[in-house]
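Worksheet for the structure shown next.
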Amino acid sequence: MSFQDEIAAQAMRGLNDSPNDTLEAVLKRRYSRREMLKKGMLAAPAMVLGSSLIEGRAKAAVPAPLSGNRDCGLGFTPISLTKQDDVVLPSGYAYQVLLRWGDPVLPGAMEHDFAGQTRERQEGQFGYNCDFNGYFPLPHHGAQNSNKGLLAVNHEYTDPLLMFPGYVTGDPTPEQVDVEIAAHGMSFVEIQRRGVSGWTPVRGSRFNRRITGETPIQISGPAAGHAWLQTSEDPGGSRVRGTFNNCAGGKTPWGTVLTCEENFNQYFANRNSLEDTDPRKAAHARYGLPGGASSRRWENHHARFNIALEPNEPFRHGWVVEIDPYNPSDIPRKRTALGRFKHEGATCVIAPTGQVVVYSGDDERFDYIYKFVTAGRFNPRNRAANLNLLDHGTLYAARFHDDGTGEWLPLLYGNGPLTPENGFHNQGDVVINARRAADLLGATKMDRPEDIEANPVTGKVYSLLTNNTNRGVGGNPGTDPANPRSPNRYGHVIEQTEAGGDHSATVFNWEIFILCGDPAEPGHDTYFAGFDQSLVSPISAPDNLVFDCAGNCWIATDGLQNGLAGNDGVFAVPTEGPERGYLRQFMSCPLEAEICGPEFTPDFSTLFVGIQHPGEGSASTRPDDLLSTWPDGGIPKPSVIAITKISPGARTIGS
Ligand code: FEO
Ligand code: CA
Ligand code: CA
Ligand code: CA
């Protein structure tokens with residue numbers, strides 16, 4: 001069983017089996033919308049085509065002008081699904097590999113040495129499995145420089161079979177484990193763009209920094225100091241070593257990065273060492289922590305990963321971490337007010353009230369969509385005044401009603417069932433056990449929420465639900481209007497409109513924007529916002545998204561090859577106007593990789609993406625059987641690439 005298979009199996013064991021109503025019953029009442037379903041789909045699953053879509057169609061006769069920048073557009077010739085072991089782009093575009101696993105980034109860092117990697121080498125080098133990318137212009141926050149900036153990159157996890165010449169699954173050496181720990185976390189790297197040489201990293205820049213699984217991190221917010229966060233190494237429960245499984249993230253309006261701890265459960269072992277009467281055992285089970293050995297076996301060499309020795313250590317993971325890229329000595333902070341779950345990303349938007357709203361998905365089958373609303377207001381004139389805004393506010397989970405409306409349920413101590421009778425004695429208990437709090441409040445069980453982000457042109461919020469092959473299977477929950485497929489092989493996209501366009505609102509309207517898949521497949525049940533499906537590109541497994549200056553949504557996929565005959569890709573789709581729903585493929589990535597962290601420069605002339613885990617499933621010990629040899633023709637290396645337009649005309653990507 002590969003690492004990823006085993007990790008997926010662990011995730012299965014962490015399934016949400018709480019008894020919330022999945023709304024299947026009310027689904028059956030939705031036939032009044034049959035006329036619309038007939039228009040867009042044949043074998044139509046139950047779905048909400050909400051009021052805003054109807055309005056959108058009505059407006060289509062007299063298209064409302066986008067307030068977005070018309071410099072951005074989608075004029076490229078779409079590519080098709082392909083199985084090439086390379087990056088494939090439309091004609092007129094080129095890419096360069098900007099940062100590879102093992103590239104030296106810190107001053108004095110050593111070159112990568114495949115046969116002789118050490119913790120010390122890896123700590124100075126670019127980490128493994130790059131995911132989120134955040135571009136921060138230099139020389140300071142607020143600059144709009146598109147030729148010189150800091151790239152903040154997540155390193156989600158490690159593939160040791162491809163990292164070492166002689167890795168034995170289930171029996172890693174202490175040195176290998178230490179290299180893996182050092183290959184996790186983040187890299188901050190200054191990059192610059194110069195004429196014909198294009199983008200290059202600035203080795204040894206004073207801004208360059210590595211965050212690893214050993215970096216000291218402060219715990220702040222309502223769980224700081226909580227009894228369940230105390231360990232033998234940190235009896236105060238306020239300081240933790242390292243951050244793991246940093247998947248997607250976000251950028252705050254004050255120029256810090258939010259990096260998200262996702263599948264942290266895979267690093268810990270031996271939940272079954274706890275007594276059944278110990279409430280921590282059930283708490284760990286809800287987050288999918290292994291009953292016995294972990295797949296990585298780090299517990300063999302580090303006590304902190306062994307629940308039998310450190311039963312509280314897992315509570316110190318699963319958070320959103322905030323780091324200031326412009327201050328290389330900044331101490332990262334785990335912002336516990338945003339709740340503990342398998343955070344995919346954390347994207348910010350400023351509400352009309354001045355409060356900052358952070359959207360975040362919990363990437364697990366049948367888990368929830370969340371948002372956090374700060375108590376304080378963003379101060380655009382005083383950066384320092386914003387640096388602890390994320391320690392105070394309200395965390396909400398989403399409930400999607402069958403009629404196209406929805407509400408945000410506050411995860412507040414004392415609210416409804418969040419009381420001592422149910423084991424909640426303070427807000428720290430609530431955020432540590434956010435999943436259980438949302439279970440009790442009746443949030444809607446979703447099909448693996450990945451990235452969620454507000455469109456900066458329209459304010460509408462887009463949630464990517466990557467897939468859920470267990471929906472309606474066995475004893476698992478069946479369909480509901482927001483998760484209308486059973487099973488959901490290809491994933492879907494939900495569009496939300498917060499009441500009054502105010503992101504701090506507690507009610508919203510919603511509708512299905514896209515049901516992914518291949519419309520050319522016989523019996524398909526795909527849907528692309530009502531657009532002519534004979535024109536769109538097939539897509540599956542949506543994971544990360546970003547918007548261009550016209551409000552077009554760019555989607556990167558993870559696992560497309562599990563459902564369709566191609567590698568993962570980047571796709572672009574207008575969200576408004578006559579081409580709303582006209583999704584087109586822009587890029588395809590190498591074999592057995594996923595595409596992560598799409599990010600534009602401020603002028604939209606460069607698109608950065610991460611190529612994560614190329615060749616995953618193969619091993620360096622069998623070089624003839626490598627599933628990918630990208631980018632250099634040998635052992636595959638996860639890398640960040642920069643895509644630019646080389647044909648004449650407008651420089652913006654997509655135009
Ligand atoms: Fe790490 Fe949800 O993808
Ligand atoms: Ca990933
Ligand atoms: Ca992801
Ligand atoms: Ca994913």
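No lab work stands behind these numbers, since they all come straight from the coordinates. None of these values were measured; they are calculated from a predicted model. A quick note on method: Cβ atoms are made from the backbone with ideal geometry, for glycine too, and the neighbour counts reach across all protein chains shown.
At-a-glance table
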item	result
Sorted by Cβ neighbour density within 10 Å, fewest at the top, the residues Ser329, Ser605	Ser329, Ser605
Full-extension gain in nm, Ile331 to Asn426, via 0.36 nm per residue minus C-alpha separation	31.5 nm
Orientation-averaged projected area, Cα convex hull of segment 93-176 (nm²)	7.6 nm²
Among the listed pairs Lys251/Lys371; Lys148/Lys460; Lys334/Lys637, those beyond 19 Å (Cα-Cα)	Lys148/Lys460; Lys334/Lys637
Per-pair calculated FRET efficiency, R0 = 51 Å: Asn388 and Asp624 via Cβ, rounded to 0.05	0.40
Cα centroid of segment 308-339 to Cα centroid of segment 262-276, whole Å	18 Å
Centroid-to-centroid separation of segment 617-650 and segment 367-444 [C-alpha atoms, Å]	41 Å
At 0.692 mPa s and 37 °C, Stokes D of the chain from Kirkwood alpha-carbon radius, µm² per second	133 µm²/s
Mean Cβ count within 10 Å, highest first, over the residues of peptides 257-269, 614-626	257-269, 614-626
Extension gain (nm, one decimal) between Ala115 and Gln96, 0.36 nm per residue minus Cα-Cα	4.2 nm
Two-decimal log10 I(q)/I(0) for segment 431-519, as the Debye equation yields it once each C-alpha is a single scatterer, q = 0.12 Å⁻¹	-0.42
Residues of type aspartates and glutamates that Lys281 reaches as a straight line, Cα spacing below 17 Å, ignoring anything fewer than 8 places off in the same chain	Asp17, Glu310, Glu313, Asp429
Ascending count of other beta-carbon atoms within 10 Å, so fewest first, for Thr629, Thr497	Thr629, Thr497
Alpha-carbon centroids, segment 172-227 and segment 480-523: separation in whole Å	35 Å
Orphan Cys of the chain, criterion: no other Cys C-beta under 4.7 Å	Cys130, Cys247, Cys260, Cys348, Cys516, Cys553, Cys589, Cys596
P(r), alpha carbons of segment 560-655 - 10 Å bins starting at zero, rounded %	15, 37, 32, 13, 4, 0
